[in-house]
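Novice: Structure below; questions to follow.
The values are calculated or read from the model by the stated rules, or taken from the named source; none is laboratory data. Bear in mind the structure is a predicted one, so any value in this text is a computation, not a measurement. Positions of Cβ are generated from backbone atoms using ideal geometry, with glycine treated the same way; all protein chains shown enter the neighbour counts. Surface accessibility is based on the protein's heavy atoms, side chains included, excluding ligands, DNA and RNA. Shrake-Rupley method; radii C 1.70, N 1.55, O 1.52, S 1.80 Å.
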Amino acid sequence: MESEILLSGPLGVINIGNGVFVNPSEVLAIVPADSAPIKRTIKSAKSLGQVLDATMGGKTESLVVLKGPFYLTTAYESSTVADFMNEQVGTDE
């Protein structure tokens, strides 16, 4: 997958897969979506209209916690999303 950065402010935005872009300064956490507490968080946030679904119809594998509070669900594992971010921001784990 080709990495790309689009400039949008001082840090720009990064591609976390499937053409979904986020501002890295807005990301608070990336967590696996398989635990019961995280599933409850997703369900509750959906009812409040705070979830951005970026799964493209796939199974929710991870939850990206954004400032706001908003949440982004992805079909990628949390480690994969973190790798996407690290590759594009230029940091290691």
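Novice: Report, by residue number, each residue of the stretch 8-28 that is hydrophobic (A, V, I, L, M, F, W, C) and either outside any strand (DSSP E or B) or open to solvent by 60 Å² or more (accessible area, probe 1.4 Å) (or both).
Specialist: Correct list: LEU11, ILE16, VAL20, PHE21, LEU28.
Novice: I would also like to ask the following. Would you mention how many residues in the stretch 41-63 are over 21 Å from ASP83 (Cα atoms) and modelled with pLDDT under 95?
Specialist: 1
Novice: Hey, another quick one. Which of the residues that make up the stretch 29-43 are more than 12 Å from the chain's Cα centre (by Cα) and open to solvent by 60 Å² or more (accessible area, probe 1.4 Å)?
Specialist: Residues satisfying the conditions are ASP34, PRO37, LYS39, ARG40, LYS43.
Novice: Same structure, new question: Looking at the stretch 45-57, which of its residues are open to solvent by 30 Å² or more (accessible area, probe 1.4 Å) and either closer than 15 Å to PRO32 by Cβ or basic (Lys, Arg) (or both)?
Specialist: LYS46
Novice: Return the pair list, or none, for Cβ contacts closer than 6 Å from residues in the stretch 29-55 that are in a loop (DSSP other than H, G, I, E, B) to residues that are among the β-branched types (Val, Ile, Thr), at least 6 apart or on different chains.
Specialist: Between residues of the stretch 29-55 that are in a loop (DSSP other than H, G, I, E, B) and residues that are among the β-branched types (Val, Ile, Thr), the close pairs are ALA33/THR60; THR55/THR73.
Here's the yes/no breakdown for (1) under 15 Å from the mean Cα position of the chain (by Cα); (2) modelled with pLDDT under 90:
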| position | (1), (2) |
| --- | --- |
| VAL65 | yes, no |
| PHE70 | yes, no |
| VAL81 | yes, no |
| PHE84 | yes, yes |
| GLU93 | no, yes |
